[in-house]
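A short worksheet on the structure shown next.
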Amino acid sequence: MMSGLMLVFLFIAIGFMIEVESEKKQMEDVAKSYRDDKVNLNEAIYEEFENDLEKWEATVTKDNRIVFHSPKVLFEINQSKIKDEFKTVLEEFFPRFLSIITAKEFKDEIVEILIEGHTSDEWGKSSSKEEIYLKNMELSQKRAFKVLSYCYSLESKRVINNRDWIEKTFRANGMAFAKLEDREKARRVEFVVRLKSEEKLYKILK
């Protein structure tokens, strides 16, 4: 009887080891897919915009964020109306950005694209922490929406042909000062690409 129980435990242990090995392989495959997708997309974005980044006062990060830094170009202080200078930048940037993310090798791998508005942690003479937070959150949401609205309304043929996909994929998020690291770079707009393989990786890790 004892040997029979040992045999049962052995089969259970073997089954558990097979399951663990299968999950490990699945995680490795998803991680590799995410790394490859992220790197390939990053290279495509950087190659397209590397000659424009300096004049736009923008950067492309390794996690596929396109960050527009200059508060002098983007908006007036405490305002959400897009400046003419930034409209010109968006007219140059967005159709080209759209051509990359709707390319065959990337389009089906993208789960969503966030347009994030970021602000400082200040607000005029306001002294209340709560008031500063709420006003900046409202402002950042309005700015993100204005940018998305302007990009969506461009009369570029590429934009018009992809409006259905834009509606399903793009989101406007107000971040206020949630990711504040440097006040000089606080007032900014970011385009953030989120990949399906990234979502799968998070689910496995959970």
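Search segment 98-117 for residues that are over 22 Å from V147 (Cα atoms) and in contact (Cβ under 8 Å) with a residue 12 or more places away in the chain and pair each with any residue that is part of a strand (DSSP E or B) and not aromatic (F, W, Y) when their beta-carbon atoms are under 8 Å apart and the residues are at least 6 apart or on different chains. Going by the 8 Å Cβ cut-off, the qualifying pairs are E109/L195.
Just to be sure I understand, how many residues within segment 179-191 are touching a residue at least 24 places away in the same chain (Cβ under 8 Å) and either over 15 Å from the mean Cα position of the chain (by Cα) or more than 18 Å from V73 (Cα to Cα) (or both)?
Within segment 179-191, the subset touching a residue at least 24 places away in the same chain (Cβ under 8 Å) is 179-180, 183, 185-191.
With either over 15 Å from the mean Cα position of the chain (by Cα) or more than 18 Å from V73 (Cα to Cα) (or both) added as a condition, the list becomes 179-180, 183, 185-187.
Total meeting the criteria: 6.
Can you list the helices (runs of 4 or more DSSP H) found entirely within segment 72-174 that contain at least 2 residues being within 19 Å of V189 (Cβ to Cβ)?
Values: elements: 84-101, 104-107, 129-153, 157-161, 163-169.
In segment 72-174, 84-101, 129-153, 163-169 are the helices (runs of 4 or more DSSP H) which contain 2 or more residues that are within 19 Å of V189 (Cβ to Cβ).
When I204 is tested against the conditions (1) among the aliphatic types (A, V, I, L, M); (2) surrounded by fewer than 18 Cβ atoms within 10 Å (Cβ to Cβ); (3) at pLDDT 95 or above, the lone failure is (3).
Against the conditions (1) among the hydrophobic types (A, V, I, L, M, F, W, C); (2) at pLDDT 90 or above; (3) under 25 Å from E50 (Cα atoms), L134 satisfies every one except (3). Counting the residues of segment 160-178 that are of a type in the set (V, I, T), touching a residue at least 12 places away in the same chain (Cβ under 8 Å) and within 19 Å of K87 (Cα to Cα) gives 1. Kindly indicate whether I113 is at pLDDT 95 or above and in contact with a strand residue (DSSP E or B) (Cβ under 9 Å, 6 or more places away or on another chain). Yes.
Conditions (1) surrounded by 14 or more Cβ atoms within 10 Å (Cβ to Cβ); (2) touching a Cys at 6+ places or on another chain (Cβ under 7 Å); (3) closer than 17 Å to P71 by Cβ, marked per residue:
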{"position": "F97", "(1), (2), (3)": "yes, no, no"}
{"position": "A103", "(1), (2), (3)": "no, no, no"}
{"position": "F106", "(1), (2), (3)": "yes, no, no"}
{"position": "I115", "(1), (2), (3)": "yes, no, yes"}
{"position": "W123", "(1), (2), (3)": "yes, no, yes"}
{"position": "K129", "(1), (2), (3)": "no, no, no"}
{"position": "A144", "(1), (2), (3)": "yes, no, yes"}
{"position": "L154", "(1), (2), (3)": "yes, no, no"}
{"position": "I160", "(1), (2), (3)": "no, no, no"}
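The rows are residues; the columns are (1) within 19 Å of N40 (Cα to Cα); (2) basic (K, R); (3) out of contact with any Asp or Glu (no Cβ under 6 Å at 6 or more places or on another chain).
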| residue | (1), (2), (3) |
| --- | --- |
| T88 | no, no, yes |
| P95 | no, no, yes |
| L98 | yes, no, yes |
| T102 | yes, no, yes |
| E105 | yes, no, yes |
| E109 | yes, no, no |
| G124 | no, no, yes |
| S128 | no, no, yes |
| S140 | no, no, yes |
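List every residue pair whose Cβ atoms lie under 7 Å apart, where the two residues are 6 or more positions apart in sequence or sit on different chains, the first residue falls within segment 143-159 and is closer than 19 Å to T119 by Cα, and the second residue, located anywhere, is of a type in the set (D, E) and modelled with pLDDT of 95 or more. Between residues of segment 143-159 that are closer than 19 Å to T119 by Cα and residues that are of a type in the set (D, E) and modelled with pLDDT of 95 or more, the close pairs are A144/E116. From the list F145, F68, F94, the one residue that fits, being touching a helix residue (DSSP H, G or I) at 6+ places or on another chain (Cβ under 6 Å), of a type in the set (A, V, I, L, M, F, W, C) and under 21 Å from V193 (Cβ atoms), is F94.
The values are calculated or read from the model by the stated rules, or taken from the named source; none is laboratory data. As the structure is a computational prediction, the values presented were derived from the model and not from experiment. Because the Cβ atoms are built from the backbone with ideal geometry, glycine has one as well, and the counts that use them run over all protein chains shown.
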